[in-house]
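Read the structure below first, then the notes.
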């Protein structure tokens, strides 16, 4: 099947304008006749649901949390990019576009990324109007800062809680539409399957997490804004409930999954400390603006940090990348941290950590200035580690954080399944093979506030969408399959907990398909995942019943899907014999151990079509055309 | 370290519920409180017993999902800390801890330590936002906001909606939650057009949900994991009074 991204013709900076003029409009009186199902209430889902409702569509919004305000976007710390050029430092739409394309290692679409940069300014306007308390200058104007991977000050922020504040803004907009009767809210509802009627996405199957009721919801379009799949690694910075179920179930119903091997490993996280650990905590990479990353020069040097004189320290990012220094993009920072630890220079008990040192910044600006900027992060660090980072350097190590891969979508944000739209982290998106800091919030809100509201109309006005009866075979089949699966899970009476299987899968993927990947390791993972999955279905234990709040059952369903999806992740990593962005194949590197891209053979989006559990997926390629930028070796030196 | 835990077990909203004693053995001081509960649950599951239901998600103190009483204190003894960020190094070997769900008429118990906090959402639905449609916003720097106001608004906006303020209040009042939202928007220029309407409707909605009144005990501020100040309650009272006199609908 040929994948058509449907990028509008014309010059890059006129494409979106042209699209908006050419797209067919839905008569305002007809909008209320369309039912839109929005799954997920993070930045992308909440902003989409609110904006569609404002336009007059009838919206149902679903989330698995007890309140839409708790979606994991809330945990984003650092900030949101926008090409406002308030700092007068040379920013422009084109520069944000270029930085994002380059940051993604030339594995994203030009058309999409340019549109993202174009609407970035509108997002800040919108959020400010909602009362988002961004940081301000004394003159009352908005303040910006620089952020990982950028040499400009284009990041807007609300302390270390930018995601929280943006999400509460979108949540407010959503709740306003609930009050207006335009949105029906379904909290504590988890999507278990997609309903596809004659090749068109027409509904979803959900489970009410309080009473176990399996429900059918049909509509004219389905919008998935269900986030990323990084919890496949078990230990990640994601919230416990983040999962792949909605997108994986859509993939099983025919939606293509694109670039699953592009998983971002965030450089500044608190290191793993023990086997009982349930999650890894991210420290905003804004810390890299003032913190200096270093390790001892000599492998095995176990002297404490304060006992190491300057000449015995290796500030490896500053040494290797003098122009970007500690602000290199995430993939570069993470890989280098791994490398120095592999060389035996890692610090802390486990030797899997590097220092992030604020001593120079405190000497320069004073402790109070550092406290004002990063106080909440230093407090969080102390809460978790019991150490005071004003007095001694932090220890950090990379951790799985974000998924650039996701369901394949065209310029309309619609998957190859008509009627299925995918937003935010859930789609394969605009970040290519690596996302720059402060770009996730931008993309989620761009999709929800400023892109989907236009593109969905163009689909609805041209499609023939007769009402779907609850007795339709496709509906009955999907509902029966979802119920059957719940019963299969409840029948598991083995000897190992669901979490143990998740941990085993995660560790395997982290070791074999994490920051650095090679053929042999990936082959090993490919062989082992089906074994873990098989044992899961024989030896996992799921207690309790269906008709009540059953958290073990919920987790079991999500882990079962990770056990299927993990195989695709490895398959994608295995087939991509190049290094690009976050995907580092050891076989493909320069003599200086930098990623070596292969544009001749791999300048495409890999979109995978599901063929059955344990079967190899079928690969479809969307070749990436670069008309404006020239793919170059990404250098931050 | 070893601990004795007395945990509230209640199978369903209608079940009577009771405290059940569990032994937590071999707990590492580096574990978070919820990781300690994970180990208890793991043992329960392997024994075939129903694990303790408790809410949690981000485990980094921002989503507001977690929260229960630890020996009578919401989120436990550490100031400004959610229970997911509370680490076991703050307890002593041999301690006995009592874990109970939030207790408030407006927060019915669902199961064990899980309660229904949808009343807080209903308060926001009543007007805890600025009415602005997507696309109609003016240029972001067109409205100046004094830095000090933005900072105080941000202090209030840091609320994570966990419900600890309600649980720690002897009247089960939600004044700190409501005060935080009303303050945030009353302090910003964007919030001005709906300022009075908002104060009146949020207070009405809070009363309708069955939350109690404030009698100035300040327990809420002490329990708040985001250390939101009771000044926000004072500001809410002022906003409510001001609106009661001046709002055209009154």
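The values are calculated or read from the model by the stated rules, or taken from the named source; none is laboratory data. Note that the structure is predicted; figures quoted are calculated from it, not measured. Please note: Cβ atoms are built from the backbone with ideal geometry, for glycine as well, and neighbour counts cover all protein chains shown.
Points worth noting:
- Out of B:161, B:212, B:191, B:179, sole residue that is within 8 Å of chain A (Cβ to nearest Cβ) and closer than 30 Å to residue B:73 by Cβ: B:161
- Test: residue B:184 is part of a helix (DSSP H, G or I) and without any contact (Cβ under 8 Å) to a residue 40 or more places away in the chain: yes
- Residue that is farthest from the other protein chains (Cβ to nearest Cβ), among those in the stretch B:126-149 that are touching a helix residue (DSSP H, G or I) at 6+ places or on another chain (Cβ under 6 Å) and not in a loop (DSSP other than H, G, I, E, B): B:149
- Residue list for the stretch A:398-426, restricted to those being surrounded by fewer than 24 Cβ atoms within 10 Å (Cβ to Cβ) and touching a strand residue (DSSP E or B) at 6+ places or on another chain (Cβ under 7 Å): A:417, A:418
- Qualifying residue in the stretch B:32-40 (condition: buried (at least 20 other Cβ atoms within 10 Å of the Cβ), part of a loop (DSSP other than H, G, I, E, B) and at pLDDT 95 or above): no
- Some residue of the stretch A:202-217 being over 25 Å from residue A:616 (Cα atoms), free of Cβ contacts under 8 Å to residues at least 24 places away in the same chain and within 14 Å of chain B (Cβ to nearest Cβ): yes
- When we screen B:152, B:123 for residues that are part of a helix (DSSP H, G or I), crowded, with 22+ Cβ neighbours inside 10 Å and modelled with pLDDT of 95 or more, the only hit is B:123.
- The residues of the stretch B:54-106 that are over 28 Å from residue A:41 (Cα atoms), part of a loop (DSSP other than H, G, I, E, B) and in contact with a helix residue (DSSP H, G or I) (Cβ under 6 Å, 6 or more places away or on another chain) amount to a single one, B:78.
- Wholly enclosed helices (runs of 4 or more DSSP H) of the stretch A:481-589 bearing at least 1 residues buried (at least 19 other Cβ atoms within 10 Å of the Cβ), in the same structural domain as residue A:605 (by TED's automatic domain parsing) and in contact with a strand residue (DSSP E or B) (Cβ under 6 Å, 6 or more places away or on another chain): A:498-512, A:551-575
- Residues that are out of contact with any helix residue (DSSP H, G or I) (no Cβ under 9 Å at 6 or more places or on another chain) and closer than 27 Å to residue A:158 by Cβ within the stretch B:166-200 comprise just one, B:193.
- Search result, residues across the stretch A:360-387 that are within 17 Å of residue A:268 (Cα to Cα) and more than 14 Å from chain B (Cβ to nearest Cβ): A:374
- Number of residues in the stretch A:170-201 that are more than 14 Å from chain B (Cβ to nearest Cβ), buried (at least 21 other Cβ atoms within 10 Å of the Cβ) and touching a helix residue (DSSP H, G or I) at 6+ places or on another chain (Cβ under 6 Å): the value is 5.
- Residue that is within 13 Å of chain B (Cβ to nearest Cβ), in contact with a helix residue (DSSP H, G or I) (Cβ under 6 Å, 6 or more places away or on another chain) and surrounded by fewer than 24 Cβ atoms within 10 Å (Cβ to Cβ), where the choices are A:278, A:236: A:278
- Where residue B:114 falls short, out of the listed (1) within 12 Å of the chain's Cα centre (by Cα); (2) within 7 Å of another protein chain (Cβ to nearest Cβ); (3) more than 27 Å from residue A:126 (Cβ to Cβ): (1)
- Residues in the stretch A:239-257 that are over 12 Å from residue A:564 (Cβ atoms), over 15 Å from the mean Cα position of the chain (by Cα) and buried (at least 24 other Cβ atoms within 10 Å of the Cβ): A:250, A:255, A:256.
- Residue pairs whose Cβ atoms lie under 7 Å apart, separated by 6 or more positions or on different chains, with the first residue in the stretch B:54-80 and within 10 Å of chain A (Cβ to nearest Cβ) and without any contact (Cβ under 8 Å) to a residue 24 or more places away in the chain and the second buried (at least 24 other Cβ atoms within 10 Å of the Cβ) and not in a loop (DSSP other than H, G, I, E, B), are B:57/A:70.
- If you go through the stretch A:135-157 and keep only what is crowded, with 20+ Cβ neighbours inside 10 Å, within 7 Å of chain B (Cβ to nearest Cβ) and in a loop (DSSP other than H, G, I, E, B), you end up with nothing.
- Test for residue A:601: is it closer than 26 Å to residue A:407 by Cα and either at pLDDT below 95 or assigned by TED's automatic domain parsing to the domain that holds residue A:485 (or both): yes
- Index of the failed condition, residue A:98 passing every other in (1) surrounded by fewer than 21 Cβ atoms within 10 Å (Cβ to Cβ); (2) away from chain B (no Cβ under 14 Å); (3) touching a residue at least 60 places away in the same chain (Cβ under 8 Å); (4) in contact with a helix residue (DSSP H, G or I) (Cβ under 7 Å, 6 or more places away or on another chain): (4)
- Picking from residues in the stretch B:33-45 that are facing another protein chain (nearest Cβ under 7 Å) and farther than 23 Å from residue B:78 by Cα, the one that is nearest to the chain's Cα centre (by Cα) is B:42.
- The lone exception for residue A:76 - which of (1) touching a residue at least 24 places away in the same chain (Cβ under 8 Å); (2) on the phi < 0 side of the Ramachandran plot; (3) more than 11 Å from chain B (Cβ to nearest Cβ) it fails: (3)
- Reported count of residues in the stretch A:327-352, each being touching a residue at least 24 places away in the same chain (Cβ under 8 Å) and closer than 12 Å to residue A:296 by Cβ, is 8.
- Selection within the stretch A:62-73: residues that are part of a helix (DSSP H, G or I) and touching a residue at least 24 places away in the same chain (Cβ under 8 Å). The member of this set that is surrounded by the most Cβ atoms within 10 Å (Cβ to Cβ) is A:73.
- Residue ID - nearest to the other protein chains (Cβ to nearest Cβ), chosen from residues in the stretch A:42-58 that are under 16 Å from residue A:440 (Cβ atoms) and touching a helix residue (DSSP H, G or I) at 6+ places or on another chain (Cβ under 6 Å): A:47
- Yes/no for residue A:501 being more than 14 Å from chain B (Cβ to nearest Cβ), under 23 Å from residue A:209 (Cβ atoms), at pLDDT 95 or above and touching a helix residue (DSSP H, G or I) at 6+ places or on another chain (Cβ under 7 Å): no
- Any hit, the stretch A:48-61, residues being within 21 Å of the chain's Cα centre (by Cα) and in a strand (DSSP E or B): yes
- Flag for residue A:612 being part of a loop (DSSP other than H, G, I, E, B), modelled with pLDDT of 95 or more and under 30 Å from residue A:497 (Cβ atoms): yes
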